[in-house]
């Protein structure tokens, strides 16, 4: 199974939507906690759902069970906490939420991308989500767009 991941920052709308279309993405799971911020530009929740549908025939879904809590985000981003502490806390949160049981594996049967804001997956929770599912379900290939 392949799970795509993407961030929208530091690229134009054209670059973002073309990368999704080129990859053949059919479903987008928005795993941001805050997906309505004015800072999200073209990736603001309602606008993004419209653009995905009209530009690329991609379905939009918000999946907050795959988002960190505000407390975890603040400790890492606002308070400049260590990445390792964030990663450990977020992975524990996924386990506590039992996402491998509450989010059907079939969600990823059709080309699905996990969306967050970070341009690179190295220090982004979307990479941690894929790693978590790899550990629980096995046989997952992450593709970072």
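The values are calculated or read from the model by the stated rules, or taken from the named source; none is laboratory data. Predicted model only: the values in this text are computed from it and were never measured. Please note: Cβ atoms are built from the backbone with ideal geometry, for glycine as well, and neighbour counts cover all protein chains shown.
Here are a few things to note about the model shown:
- Criterion violated by residue 87 - all others in (1) under 29 Å from residue 21 (Cβ atoms); (2) in a helix (DSSP H, G or I); (3) in contact (Cβ under 8 Å) with a residue 12 or more places away in the chain satisfied: (1)
- Residue tally, condition at pLDDT 95 or above and within 16 Å of residue 57 (Cα to Cα), over the stretch 1-13: 0
- Taken over the stretch 48-72, the criterion of being touching a helix residue (DSSP H, G or I) at 6+ places or on another chain (Cβ under 9 Å) and in a helix (DSSP H, G or I) is satisfied by 48, 51, 52, 55, 56, 65, 66, 71, 72.
- The set of residues in the stretch 115-136 being at pLDDT 95 or above and surrounded by fewer than 18 Cβ atoms within 10 Å (Cβ to Cβ) consists of 131, 134, 135, 136.
- Consider the stretch 57-77 and keep the residues that are touching a strand residue (DSSP E or B) at 6+ places or on another chain (Cβ under 9 Å) and crowded, with 16+ Cβ neighbours inside 10 Å. The one that is farthest from residue 113 (Cα to Cα) is 67.
- Residues in the stretch 90-130 that are touching a residue at least 12 places away in the same chain (Cβ under 8 Å), under 20 Å from residue 32 (Cβ atoms) and outside any loop (DSSP other than H, G, I, E, B): 20 in all.
- A count restricted to the stretch 21-47 and to residues that are closer than 26 Å to residue 70 by Cβ, part of a helix (DSSP H, G or I) and modelled with pLDDT of 95 or more stands at 0.
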